Amino acid sequence: MKQPVRIAVTGAAGNISYSLLFKIAAGEMLGADQPVILQLVEIPQAMDKLRGVAMELEDCAFPLVHGISLHDNPFDGFRGIHYAMLVGARPRSKGMERADLLEANAVIFAEQGKALNEVANRDVKALVVGNPANTNCLILSRNAPNLDPSQFCAMTRLDHNRAKGILGNKLGVNPSDLDGVCVWGNHSPTMYPDVHHATVLGEESAISQIDEKWYKEDYTPRIQKRGAEIIEWRGLSSAASAAQAALDHMHDWALGSNGEVVSMGIISDGSYGVAKGIYYSFPCVCEFGSYQIIQGLEINEYGQSMMKKTEEELLSEKAAVDHLLPAETAESRENLRKSDRTGQTAYDNGLDKADVYYKADRIC
Ligand code: NAD
Ligand code: LMR
């Protein structure tokens, strides 16, 4: 039997978590042989509701759940964790501008970055789900100077899954028959769903089977605004599909994507000309617990303009929260290099990787 791993989930009494927690507990994220200790984090006002959720988890008698603890602050909740699922965020309220939402959440993620830096396991993997996910992730990472920027991701897997699901439906194939679909940029209506490199059943090109007008005028805006479409029909924002995407993201990051292309909001190393230092969604493959950007894809003029637009949005979000980005982490996040030889990102950030991994207590 493997040693249990510690997983923190914030916003654990919310809608997404009500689906996510039970899937993690059932072994769908890290495998049916991986015991887990769940460290559930909420705001003080939601602790009663959280207790109810924890009781339900207990009532499922999941064999993989070796412990559940409840916390009203991240410095307790993140102690010793190997995985952080950061779902909790302040929702947009009536009359609130996007800048106000950025500011309200920026404060939350700055504190959580400090907590991860101080008390999490040194090889922690943190996934930001709470919106605005990419910029929250930037704030988180910049407030954790002793962790590597590649230990943080923003979730764009829901957009990726949507892009595959809707394309598969159009082509009359199963989504699993598609590979190479990807979503570039921000988890927002500027994202660029790209099917130019997608294949059907490993051979045929997907783009050659769809009409350009449908791709640009129906499909693209539909993926970009799918979150709003769900809210319109369901009256609530996506929850089960967001939980599934979070699970897929962490599963592939930790255990590998089996050669399949997946979209991940990761620190930009300048690949494809994207400004360094922002958390931007790139096509990746995952292996041995880390991701790698797929290099060398040909991007046409349309794609380049779409990628630029979403990059500009992320840069303006970054400028809006600049006061919450400590100067001491600018260098290690903004000067990453891409190795010419391997195409892999060189994390030349002063941290001794071997030392970082040596200190990870996964086996004791
Ligand atoms: P929800 O309102 O049902 O739950 C959010 C929970 O977070 C609440 O229980 C709240 O008390 C808690 N919370 C707020 N601040 C917190 C903090 N500082 N620490 C810990 N917990 C905190 O919302 P939901 O439907 O579960 O969605 C959660 C977030 O995920 C939202 O920001 C939503 O916009 C975002 N989302 C992102 C994606 C994506 O693809 N990236 C998809 C869907 C939803
Ligand atoms: C989604 O893509 O479903 C969510 O990010 C939408 C939202 O605004 O909560």
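So which of Glu232, Glu301 is free of Cβ contacts under 8 Å to residues at least 12 places away in the same chain and more than 16 Å from ligand 1 (Cβ to nearest atom)? Full working, then the answer.
Working: Glu232 fails: more than 16 Å from ligand 1 (Cβ to nearest atom).
Just one listed residue meets the conditions, Glu301.
Of the residues Lys309, Lys225, only one is more than 16 Å from ligand 1 (Cβ to nearest atom) and surrounded by fewer than 21 Cβ atoms within 10 Å (Cβ to Cβ); which?
Lys309
Go through the stretch 280-291 and give me each residue that's within 22 Å of Lys164 (Cβ to Cβ), in contact with a Phe, Trp or Tyr (Cβ under 9 Å, 6 or more places away or on another chain) and not β-branched (Val, Ile, Thr).
Matches in the stretch 280-291: Tyr280, Ser281, Phe282, Pro283, Cys284, Cys286, Tyr291.
Scan the stretch 38-78 residue by residue and report those that are part of a strand (DSSP E or B) and among the polar types (S, T, N, Q).
Taking the stretch 38-78 and keeping what is part of a strand (DSSP E or B), we get 38-41, 65-71.
Gln39, Ser69, listed by residue number.
Pro189 versus (1) within 16 Å of ligand 1 (Cβ to nearest atom); (2) surrounded by 15 or more Cβ atoms within 10 Å (Cβ to Cβ): which is the lone unmet condition?
For Pro189, the exception is condition (2).
On the basis of being within 16 Å of ligand 1 (Cβ to nearest atom), more than 16 Å from the chain's Cα centre (by Cα) and outside any loop (DSSP other than H, G, I, E, B), does Leu102 make the cut?
Details: within 16 Å of ligand 1 (Cβ to nearest atom): yes; more than 16 Å from the chain's Cα centre (by Cα): yes; outside any loop (DSSP other than H, G, I, E, B): yes.
Spelling it out, Leu102 is indeed within 16 Å of ligand 1 (Cβ to nearest atom), more than 16 Å from the chain's Cα centre (by Cα) and outside any loop (DSSP other than H, G, I, E, B).
When the stretch 175-227 is examined, which residues are found to be assigned to a helix (DSSP H, G or I) and within 20 Å of the chain's Cα centre (by Cα)?
Of the stretch 175-227, the ones assigned to a helix (DSSP H, G or I) are 175-177, 207-209, 212-224, 226-227.
Selection gives Ile223, Gln224, Arg226, Gly227.
Residue check: is Glu56 of a type in the set (Asp, Glu) and either without any contact (Cβ under 8 Å) to a residue 40 or more places away in the chain or away from ligand 1 (no atom under 15 Å from the Cβ) (or both)?
Against the criterion (of a type in the set (Asp, Glu) and either without any contact (Cβ under 8 Å) to a residue 40 or more places away in the chain or away from ligand 1 (no atom under 15 Å from the Cβ) (or both)), Glu56 qualifies.
Only one of (1) within 16 Å of ligand 2 (Cβ to nearest atom); (2) modelled with pLDDT of 95 or more; (3) closer than 30 Å to Ala115 by Cβ fails for Trp253. Which number is that?
Unmet condition: (1).
Let's see how each residue does on (1) polar (S, T, N, Q); (2) outside any helix (DSSP H, G or I):
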{"site": "Gly259", "(1), (2)": "no, yes"}
{"site": "Asp269", "(1), (2)": "no, yes"}
{"site": "Ser281", "(1), (2)": "yes, yes"}
{"site": "Gln292", "(1), (2)": "yes, yes"}
{"site": "Tyr302", "(1), (2)": "no, no"}
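Residue by residue through the stretch 235-261, note down the ones that are among the β-branched types (Val, Ile, Thr) and within 14 Å of ligand 1 (Cβ to nearest atom).
Those that are among the β-branched types (Val, Ile, Thr) and within 14 Å of ligand 1 (Cβ to nearest atom): none in the stretch 235-261.
Please go through the stretch 20-37 and pick out each residue that is surrounded by 17 or more Cβ atoms within 10 Å (Cβ to Cβ) and either within 14 Å of ligand 1 (Cβ to nearest atom) or part of a helix (DSSP H, G or I) (or both).
The answer is Leu20, Leu21, Ile24, Ala25.
I'm trying to understand the selection: among the residues of the stretch 132-147, which are closer than 17 Å to Pro189 by Cα and of a type outside the set (Ser, Thr, Tyr)?
Answer for the stretch 132-147, where residues must be closer than 17 Å to Pro189 by Cα and of a type outside the set (Ser, Thr, Tyr): Pro132, Ala133, Asn134, Asn136.
Answer yes if at least one residue in the stretch 86-107 is at pLDDT 95 or above and in contact with a Leu (Cβ under 6 Å, 6 or more places away or on another chain), and no otherwise.
no
For the stretch 109-168, what are the residues that are assigned to a loop (DSSP other than H, G, I, E, B) and away from ligand 2 (no atom under 16 Å from the Cβ)?
Ala120, Asn121, Arg122, Asp123, Val124, Asn143, Ala144, Pro145, Asn146, Leu147, Asp148
The values are calculated or read from the model by the stated rules, or taken from the named source; none is laboratory data. As the structure is a computational prediction, the values presented were derived from the model and not from experiment. Because the Cβ atoms are built from the backbone with ideal geometry, glycine has one as well, and the counts that use them run over all protein chains shown.
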